[in-house]
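Notes follow once the structure below has been shown.
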Amino acid sequence: MTNVTKQTTIIVLSVFIFIAAIVGVSFLLTGKSNNDNQESDHPAEHHEGQSVYEDKFNALVGKQAPDFTLYSYDDKKVTLSEQKGKKVVLFFTEGVMCYPSCWNQIAAFGKDDVFKKEDTIVFSVVVDTKNEWEKAIDKMPELSSATILHDTSKNVSKEYGVLSLPSSMHKGQFPGHTYLVIDKEGIIRFIKDDPQMAVRNDELTTELEKLN
């Protein structure tokens with residue numbers, strides 16, 4: 001092979017490698033851009049997005065509980081600000097889909113006399129419709145002894161920042177397993193997001209006993 005032929009071969013190979021490198025880099029950048037676009041469609045799934053929700057939730061302690069009006073399973077209109085003079089426990093839960101963990105907690109509220117005192121009330125907030133919750137009660141009749149509030153618009157859950165906390169199994173769409181304790185003046189004194197999804201009656205009782 002002559003020197004000219006060798007030089008030509010080297011040049012051709014160099015050009016081929018250069019083109020291949022450009023194509024490869026372009027493919028990688030395009031793929032990353034597509035992934036970024038896909039991720040941006042679901043900001044609640046980002047760690048950063050979750051942090052924003054957690055910050056919002058954590059900032060509630062010591063502040064007036066955001067007011068809301070929802071309807072209960074038995075079609076009663078419930079307004080939070082009208083509960084002043086009572087200690088209030090809010091339990092935001094995934095509801096029907098969270099079986100058995102959330103169901104067990106809701107049923108435990110209904111059985112526990114601590115949460116039936118004249119100055120204490122528990123609201124379990126679900127995003128399910130009444131018809132959907134009726135199916136849950138058919139399966140576990142003990143649920144009927146608890147007070148269920150239907151946040152079908154999810155506006156209250158959004159206001160309290162509970163849709164993308166660590167316990168949320170469907171980030172941005174459903175609450176998970178989250179508690180708030182509100183004093184008689186309507187101030188939030190205790191919050192707990194519980195990814196373990198346990199029954200927390202004892203812990204909540206302790207927090208209620210701290211309040212006048």
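The values are calculated or read from the model by the stated rules, or taken from the named source; none is laboratory data. Everything numeric in this text was worked out from a predicted model, so none of it was measured. Cβ: placed from backbone, ideal geometry, glycine included. Neighbour counts: every protein chain shown.
For every residue, the table says whether it meets (1) closer than 21 Å to Glu207 by Cβ; (2) in contact with a Gly (Cβ under 9 Å, 6 or more places away or on another chain).
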{"site": "Lys76", "(1), (2)": "no, no"}
{"site": "Cys102", "(1), (2)": "yes, yes"}
{"site": "Ala107", "(1), (2)": "yes, no"}
{"site": "Asp112", "(1), (2)": "yes, no"}
{"site": "Ile121", "(1), (2)": "yes, no"}
{"site": "Gly161", "(1), (2)": "yes, no"}
{"site": "Leu165", "(1), (2)": "yes, yes"}
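If you check every pair at least six apart or on different chains, which have Cβ atoms under 6 Å apart with a residue in the range 56-70 that is in contact (Cβ under 8 Å) with a residue 40 or more places away in the chain first and a residue that is of a type in the set (Asp, Glu) and not in a loop (DSSP other than H, G, I, E, B) second? As it stands, the answer is Pro66/Glu159, since those pairs meet every condition given.
Residues in the range 165-184 that are farther than 12 Å from Glu54 by Cα and not in a loop (DSSP other than H, G, I, E, B): His177, Tyr179, Leu180, Val181, Ile182.
Here Thr178 does not fit the description of being among the hydroxyl-bearing types (Ser, Thr, Tyr), modelled with pLDDT of 95 or more and surrounded by fewer than 22 Cβ atoms within 10 Å (Cβ to Cβ). Report whether or not Lys192 is without any contact (Cβ under 8 Å) to a residue 40 or more places away in the chain, closer than 17 Å to Gln105 by Cα and either in a strand (DSSP E or B) or not aromatic (Phe, Trp, Tyr) (or both). It is true that Lys192 is without any contact (Cβ under 8 Å) to a residue 40 or more places away in the chain, closer than 17 Å to Gln105 by Cα and either in a strand (DSSP E or B) or not aromatic (Phe, Trp, Tyr) (or both). Selection of the range 195-212 for residues being part of a loop (DSSP other than H, G, I, E, B) and among the charged types (D, E, K, R) yields Arg200, Lys210. With respect to the stated conditions, Leu149 is assigned by TED's automatic domain parsing to the domain that holds Ala108, touching a residue at least 60 places away in the same chain (Cβ under 8 Å) and within 20 Å of Phe68 (Cα to Cα).
Of the listed requirements (1) modelled with pLDDT of 50 or more; (2) aliphatic (A, V, I, L, M); (3) surrounded by 12 or more Cβ atoms within 10 Å (Cβ to Cβ), Ala44 misses just one: (1). Only one of the numbered conditions (1) of a type in the set (Val, Ile, Thr); (2) crowded, with 20+ Cβ neighbours inside 10 Å; (3) under 25 Å from Thr205 (Cβ atoms) is violated by Val127, and that is (3).
Candidates in the range 116-144 are the residues that are touching a Lys or Arg at 6+ places or on another chain (Cβ under 7 Å) and not acidic (Asp, Glu); of these, the one that is farthest from Ser157 (Cα to Cα) is Thr120. On inspection, Asp113 qualifies as acidic (Asp, Glu) and under 22 Å from Leu211 (Cα atoms). Residues in the range 89-103 that are in contact with a helix residue (DSSP H, G or I) (Cβ under 9 Å, 6 or more places away or on another chain) and not in a loop (DSSP other than H, G, I, E, B): Val89, Leu90, Phe91, Phe92, Thr93, Gly95, Val96, Cys102, Trp103.
Taking the condition in a helix (DSSP H, G or I), in contact (Cβ under 8 Å) with a residue 24 or more places away in the chain and among the aliphatic types (A, V, I, L, M), does Val156 pass? Here the answer is yes, as Val156 does meet what is asked. Residues that are farther than 18 Å from Ser153 by Cβ, of a type in the set (Gly, Ala, Ser) and crowded, with 16+ Cβ neighbours inside 10 Å within the range 71-107 comprise Ser101, Ala107, listed in sequence order.
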